[in-house]
Amino acid sequence: MKFSIGQNVAVAPDAAVAAYANPAFYENRAPSGDITLVEVVSHEDKGTQARLEVRYQFTGSVSSAVRAVIDPAKMSWVTRTDIDKAQRRTTFTVLPDYYPDRLDCNGTFTFAEAASGPGATVVTIAGDLRVHVFLVGRTVEQIIVTGLRNYLEAEISTLPGFTAPA
């Protein structure tokens, strides 16, 4: 299932992409919707390039049909994000903690200057999520994408508070 999210935020593009390369942006984040950020697993920063790995847990409810093939307690994953600050772009890959043969997800974030000027950014997230489970795969994809969309929209809305001068 392909998905795309676009959201304007009152933060300059370079500040927005820098936030995504900073582990502090992820730490102590409150749960949002059906997804909880568990921990920053690793962080490397090499100037204009950075890599973060962040573990998440799905905490929403699923139908009995889904529970028959997937244990909701095992719906956790690490998102590996490679950040190119100079290009204002990231690529991400989801690495399931369990069921690695049942889920594939990857995509990009782009940070473009908004039409309103250099102090605002359009964050665009595009990805592809595939759940390989007979009969319920499409349903699980829809549940995950809905939760992911809600989580990412909330995440983007925290950028102004994170990037504001102290």
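Residues checked against (1) out of contact with any helix residue (DSSP H, G or I) (no Cβ under 8 Å at 6 or more places or on another chain); (2) modelled with pLDDT under 95; (3) open to solvent by 30 Å² or more (accessible area, probe 1.4 Å):
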| position | (1), (2), (3) |
| --- | --- |
| Ser63 | no, yes, yes |
| Ala73 | yes, yes, yes |
| Ile83 | no, no, no |
| Phe92 | yes, no, no |
| Asp101 | yes, yes, yes |
Condition test on Thr36, is it open to solvent by less than 60 Å² (accessible area, probe 1.4 Å), within 29 Å of Asp101 (Cα to Cα) and either among the β-branched types (Val, Ile, Thr) or at pLDDT 95 or above (or both)? yes
So for segment 123-131 (the condition being open to solvent by 60 Å² or more (accessible area, probe 1.4 Å) and closer than 17 Å to Phe58 by Cβ), does at least one residue qualify? yes
Going through (1) of a type in the set (A, V, I, L, M, F, W, C); (2) assigned to a strand (DSSP E or B); (3) farther than 19 Å from Leu95 by Cβ one by one, Ala18 fails only at (2)
When you check Thr48 against the structure, is it in contact (Cβ under 8 Å) with a residue 12 or more places away in the chain, under 13 Å from the mean Cα position of the chain (by Cα), open to solvent by 40 Å² or more (accessible area, probe 1.4 Å) and more than 20 Å from Ala154 (Cβ to Cβ), yes or no? no
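The values are calculated or read from the model by the stated rules, or taken from the named source; none is laboratory data. Not measured: the values here are computed from a predicted model. Every residue, glycine as well, gets a Cβ built from its backbone with ideal geometry; the counts of neighbours run over all protein chains shown. Protein only, heavy atoms only, side chains kept; ligands, DNA and RNA dropped before computing areas. Shrake-Rupley method; radii C 1.70, N 1.55, O 1.52, S 1.80 Å.
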